[in-house]
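Structure first, then comments.
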Amino acid sequence: MAFWEGLSGFAKDVGKSFMDNAAQMQALKAEFEDKSSSELKDIVRRNRDSRETMVAAKILRDRGEM
């Protein structure tokens, strides 16, 4: 039983981490949608945070500018 309890706890932790990451991505998207395309291009070029780069690039692609 201890194995299954440990596995269940691990799965809950992974699920929580996934939900936290998704919430952060949604918050970045909401913040970045108001930025100009030139600001987003600067984020893509200069930023080392892959989440911010991914969100900025996605918005630029949606706008047809990348």
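The values are calculated or read from the model by the stated rules, or taken from the named source; none is laboratory data. All values reported here derive from a predicted model rather than from experimental measurement. SASA here: full protein model, heavy atoms, side chains in, ligands and nucleic acids out. Shrake-Rupley method; radii C 1.70, N 1.55, O 1.52, S 1.80 Å.
Tabulated data
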read-out	value
In sequence order, calculated HN-Hα J values of segment 52-57 (Karplus, 6.51, -1.76, 1.60; Hz; x Gly/Pro)	5, 4, 4, 5, 4, 5
Solvent-accessible area, 1.4 Å probe, carbon plus sulfur percent, for the chain	56
Residue-normalised accessible area of the chain, given per residue in Å² at a 1.4 Å probe	78
Close Lys-Lys pairs in the chain, where close means Cα under 29 Å and separation is 8 or more or interchain	7
Relative contact order of the chain, pairs being alpha-carbon contacts under 8 Å that are 6 or more residues apart, as %	27
